[in-house]
Amino acid sequence: MRIETKQPNHDLCPPGLLFVADLLARVPERQRDLLDHEITKREREQTLTRETRHLLSWHPLHTTKTVLLYGVLTFVLAWVIGALGSLGRAYAALKAAEVTIPLPVVKDFVFNIGSFVPTSTTFGLASQFPAFTFRDSLYIGLGVAAAVAIEKLIFAALQWNRARALHASEAELEQEIATLKEWRRGASR
(Lines give C-alpha, C1' and ligand atoms only; values in the text may rest on other atoms or scores of the structure.)
Protein backbone atom coordinates (compact mmCIF):
# COMPACT_ATOMS: atom_id res chain seq x y z
CA MET A 1 0.00 0.00 0.00
CA ARG A 2 1.60 3.22 -1.10
CA ILE A 3 0.84 6.44 0.73
CA GLU A 4 0.51 9.35 -1.62
CA THR A 5 2.29 12.28 -0.12
CA LYS A 6 4.24 15.29 -1.09
CA GLN A 7 7.89 14.28 -0.96
CA PRO A 8 10.19 16.27 1.37
CA ASN A 9 11.96 19.13 -0.34
CA HIS A 10 15.68 18.32 -0.33
CA ASP A 11 16.64 21.98 -0.62
CA LEU A 12 14.73 23.00 2.54
CA CYS A 13 15.44 19.80 4.44
CA PRO A 14 17.69 20.09 7.54
CA PRO A 15 21.07 18.44 6.83
CA GLY A 16 20.49 15.76 9.46
CA LEU A 17 17.34 14.61 7.65
CA LEU A 18 18.69 14.29 4.10
CA PHE A 19 19.26 10.55 4.44
CA VAL A 20 15.76 10.13 5.89
CA ALA A 21 14.27 12.03 2.94
CA ASP A 22 16.19 9.79 0.53
CA LEU A 23 15.07 6.67 2.37
CA LEU A 24 11.44 7.83 2.32
CA ALA A 25 11.68 8.38 -1.43
CA ARG A 26 13.15 4.89 -1.95
CA VAL A 27 10.74 3.02 0.36
CA PRO A 28 7.46 4.95 0.20
CA GLU A 29 5.33 2.04 1.48
CA ARG A 30 7.13 2.17 4.88
CA GLN A 31 7.03 5.96 5.31
CA ARG A 32 4.93 5.93 8.46
CA ASP A 33 7.12 3.32 10.21
CA LEU A 34 10.33 5.04 9.17
CA LEU A 35 9.09 8.42 10.37
CA ASP A 36 7.91 6.98 13.70
CA HIS A 37 11.29 5.31 14.17
CA GLU A 38 13.25 8.49 13.34
CA ILE A 39 11.08 10.62 15.63
CA THR A 40 11.52 8.18 18.53
CA LYS A 41 15.26 7.98 17.94
CA ARG A 42 15.68 11.76 17.89
CA GLU A 43 13.48 12.26 20.97
CA ARG A 44 15.66 9.76 22.84
CA GLU A 45 18.80 11.52 21.63
CA GLN A 46 17.32 14.87 22.62
CA THR A 47 16.61 13.59 26.15
CA LEU A 48 20.18 12.30 26.49
CA THR A 49 21.56 15.58 25.18
CA ARG A 50 19.40 17.63 27.58
CA GLU A 51 20.39 15.53 30.60
CA THR A 52 24.08 15.66 29.69
CA ARG A 53 23.84 19.44 29.27
CA HIS A 54 22.23 19.71 32.71
CA LEU A 55 25.08 17.68 34.20
CA LEU A 56 27.68 19.95 32.62
CA SER A 57 25.86 23.21 33.34
CA TRP A 58 26.43 25.34 36.41
CA HIS A 59 23.43 25.55 38.71
CA PRO A 60 23.83 28.37 41.27
CA LEU A 61 21.28 27.01 43.76
CA HIS A 62 22.72 23.50 43.67
CA THR A 63 26.25 24.88 44.00
CA THR A 64 25.23 27.01 46.98
CA LYS A 65 23.60 24.04 48.70
CA THR A 66 26.66 21.86 48.07
CA VAL A 67 29.09 24.50 49.34
CA LEU A 68 27.01 25.09 52.48
CA LEU A 69 26.63 21.36 53.13
CA TYR A 70 30.36 20.67 52.85
CA GLY A 71 31.19 23.72 54.97
CA VAL A 72 28.73 22.88 57.75
CA LEU A 73 29.65 19.19 57.83
CA THR A 74 33.36 20.00 57.99
CA PHE A 75 32.77 22.55 60.75
CA VAL A 76 30.76 20.03 62.78
CA LEU A 77 33.35 17.30 62.26
CA ALA A 78 36.25 19.58 63.27
CA TRP A 79 34.32 20.85 66.29
CA VAL A 80 33.44 17.30 67.44
CA ILE A 81 37.07 16.21 67.04
CA GLY A 82 38.18 19.23 69.06
CA ALA A 83 35.57 18.54 71.75
CA LEU A 84 36.60 14.88 71.97
CA GLY A 85 40.24 15.95 72.19
CA SER A 86 39.41 18.34 75.04
CA LEU A 87 37.46 15.62 76.82
CA GLY A 88 40.37 13.19 76.39
CA ARG A 89 42.86 15.74 77.75
CA ALA A 90 40.56 16.45 80.72
CA TYR A 91 40.40 12.70 81.37
CA ALA A 92 44.20 12.42 81.17
CA ALA A 93 44.55 15.34 83.61
CA LEU A 94 42.08 13.68 86.00
CA LYS A 95 43.96 10.39 85.70
CA ALA A 96 47.19 12.15 86.63
CA ALA A 97 45.66 14.29 89.39
CA GLU A 98 47.02 14.10 92.89
CA VAL A 99 45.97 15.80 96.08
CA THR A 100 48.67 16.63 98.62
CA ILE A 101 47.50 16.66 102.21
CA PRO A 102 50.01 18.34 104.55
CA LEU A 103 50.34 16.56 107.86
CA PRO A 104 51.90 18.48 110.77
CA VAL A 105 54.25 15.87 112.15
CA VAL A 106 54.87 13.53 109.27
CA LYS A 107 55.73 14.09 105.69
CA ASP A 108 53.00 15.34 103.34
CA PHE A 109 50.52 12.66 102.33
CA VAL A 110 50.00 12.45 98.53
CA PHE A 111 46.61 11.07 97.57
CA ASN A 112 46.50 9.79 93.96
CA ILE A 113 43.03 10.43 92.47
CA GLY A 114 43.97 8.75 89.18
CA SER A 115 44.03 5.35 90.83
CA PHE A 116 40.26 5.62 91.33
CA VAL A 117 39.54 6.67 87.72
CA PRO A 118 38.91 3.71 85.44
CA THR A 119 41.29 3.19 82.55
CA SER A 120 39.89 4.05 79.13
CA THR A 121 41.68 3.48 75.86
CA THR A 122 39.10 5.60 74.04
CA PHE A 123 39.74 8.66 76.18
CA GLY A 124 43.46 7.99 75.95
CA LEU A 125 43.23 8.07 72.15
CA ALA A 126 40.93 11.08 72.23
CA SER A 127 43.56 13.02 74.17
CA GLN A 128 45.78 12.74 71.06
CA PHE A 129 43.21 14.53 68.85
CA PRO A 130 44.00 18.10 67.79
CA ALA A 131 42.73 20.87 70.04
CA PHE A 132 40.33 22.58 67.61
CA THR A 133 38.45 25.46 69.17
CA PHE A 134 35.13 26.76 67.91
CA ARG A 135 36.98 29.44 65.92
CA ASP A 136 39.41 26.89 64.44
CA SER A 137 36.49 24.69 63.41
CA LEU A 138 34.76 27.68 61.83
CA TYR A 139 37.89 28.55 59.82
CA ILE A 140 38.30 24.93 58.71
CA GLY A 141 34.64 24.77 57.60
CA LEU A 142 34.95 28.07 55.71
CA GLY A 143 38.17 26.85 54.07
CA VAL A 144 36.55 23.65 52.84
CA ALA A 145 33.47 25.57 51.64
CA ALA A 146 35.73 27.99 49.72
CA ALA A 147 37.70 25.10 48.18
CA VAL A 148 34.48 23.38 47.04
CA ALA A 149 33.14 26.66 45.60
CA ILE A 150 36.37 27.23 43.66
CA GLU A 151 36.30 23.64 42.36
CA LYS A 152 32.67 24.01 41.22
CA LEU A 153 33.39 27.32 39.46
CA ILE A 154 36.47 25.95 37.71
CA PHE A 155 34.50 22.89 36.56
CA ALA A 156 31.70 25.14 35.26
CA ALA A 157 34.16 27.37 33.40
CA LEU A 158 35.85 24.38 31.77
CA GLN A 159 32.53 22.82 30.72
CA TRP A 160 30.91 26.06 29.49
CA ASN A 161 31.66 25.50 25.78
CA ARG A 162 30.52 21.88 25.91
CA ALA A 163 27.24 22.86 27.55
CA ARG A 164 26.65 25.53 24.89
CA ALA A 165 27.38 23.01 22.10
CA LEU A 166 24.93 20.56 23.65
CA HIS A 167 22.31 23.32 23.83
CA ALA A 168 22.79 23.98 20.11
CA SER A 169 22.48 20.24 19.40
CA GLU A 170 19.30 20.13 21.44
CA ALA A 171 17.81 22.98 19.37
CA GLU A 172 18.84 21.24 16.15
CA LEU A 173 17.19 18.01 17.29
CA GLU A 174 14.04 19.95 18.18
CA GLN A 175 13.93 21.35 14.64
CA GLU A 176 14.47 17.88 13.13
CA ILE A 177 11.70 16.38 15.29
CA ALA A 178 9.30 19.15 14.25
CA THR A 179 10.14 18.53 10.57
CA LEU A 180 9.68 14.76 10.94
CA LYS A 181 6.32 15.26 12.66
CA GLU A 182 5.25 17.55 9.83
CA TRP A 183 6.25 14.88 7.30
CA ARG A 184 4.33 12.27 9.33
CA ARG A 185 1.19 14.43 9.26
CA GLY A 186 1.60 14.70 5.49
CA ALA A 187 2.10 10.92 5.22
CA SER A 188 -1.03 10.05 7.19
CA ARG A 189 -3.38 11.85 4.81
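Could you compute Rg(Cα) / (2.2 N^0.38 Å) for the stretch 80-155, with N its residue count? Could the numbers behind the result be given before it?
Values: Rg = 21.2 Å, N = 76, 2.2 N^0.38 = 11.4 Å.
After normalising by residue count via 2.2 N^0.38 Å, the value is 1.86.
Which distance in nm do the two modelled labels at Q128 and E45 give, with both placed 7 Å along the Cα-to-Cβ direction?
6.0
Of the options A96, G16, L153, report the single residue whose Cα projects farthest towards the positive end of the charge dipole of the chain (beta-carbon charges: Lys, Arg +1; Asp, Glu -1).
The listed residue farthest towards the positive side: A96.
In debye to the nearest 20, how big a dipole does the stretch 1-150 give about its Cα centre with +1 on each Lys and Arg Cβ and -1 on each Asp and Glu Cβ? Write down the numbers at each step before the final one.
Working: 15 positive and 13 negative charges, 40 e Å.
Once rounded to the nearest 20, the dipole reads 200 debye.
Name the most mobile residue of T52, T121, T40, meaning the one with the largest mean-square fluctuation, in a Gaussian network model of the chain with Cα contacts below 10 Å.
T121
If ligands, DNA and RNA are left out, what is the accessible area of I154 with a 1.4 Å probe, given in Å² to the nearest 10?
Accessible area, nearest 10 Å²: 90 Å².
From the helices alone, meaning DSSP H stretches of at least four residues, give me the mean residue ellipticity at 222 nm for the chain, per-run term -39500 (n - 2.57), in deg cm²/dmol to the nearest 500. The partial results should precede the final answer.
Details: 5 runs with 131 residues, N = 189.
Using -39500 (n - 2.57) per qualifying helix, the result is -24500 deg cm²/dmol.
In units of 2.2 N^0.38 Å, what is the alpha-carbon radius of gyration of the chain?
Dividing the Cα radius of gyration by 2.2 N^0.38 Å gives 2.24.
With +1 on each Lys and Arg Cβ and -1 on each Asp and Glu Cβ, and nothing else charged, work out how big the dipole of the stretch 59-145 is about its Cα centre, in Debye to the nearest 20. Let's see the in-between values first.
Details: 5 positive and 3 negative charges, 31 e Å.
About 140 debye.
Using a 1.4 angstrom probe on heavy atoms only, work out the carbon and sulfur share of the accessible area of the chain in %. Don't skip to the answer; put the middle values down first.
Values: 8610 of 13240 Å².
Looking at the chain in its full context, I get 65 percent from C and S.
If you build the Cα gyration tensor of the stretch 146-186 and take the root of 5 times each eigenvalue, what three semi-axes come out, in whole angstrom, biggest first?
Details: eigenvalues 291, 12, 3 Å².
Three semi-axes, in Å: 38, 8, 4.
Please sort through the DSSP H helices of the chain and keep those with an alpha-carbon extent of at least 15 Å along the long axis and a Kyte-Doolittle average not below 0.5. Spell out each step's value before the answer.
Numbers: long enough: 31-56 (37 Å, -1.54); 60-95 (52 Å, 1.05); 134-187 (72 Å, 0.09).
The answer, listed by residue number, is 60-95.
Using the reciprocal of the averaged 1/r over all distinct C-alpha pairs, how large is the Kirkwood radius of the stretch 30-91 in Å? Don't jump to the answer; show the numbers that get you there.
Numbers: mean 1/r = 0.0612 Å⁻¹.
Here the Kirkwood hydrodynamic radius works out to 16.4 Å.
The values are calculated or read from the model by the stated rules, or taken from the named source; none is laboratory data. Worth saying up front: this structure is predicted, and the values here are computed from it rather than measured. Cβ sites come from the backbone with ideal geometry, for glycine too, and all protein chains shown count toward neighbours. Areas reflect the complete protein model, heavy atoms only, side chains present, ligands, DNA and RNA absent. Shrake-Rupley method; radii C 1.70, N 1.55, O 1.52, S 1.80 Å.
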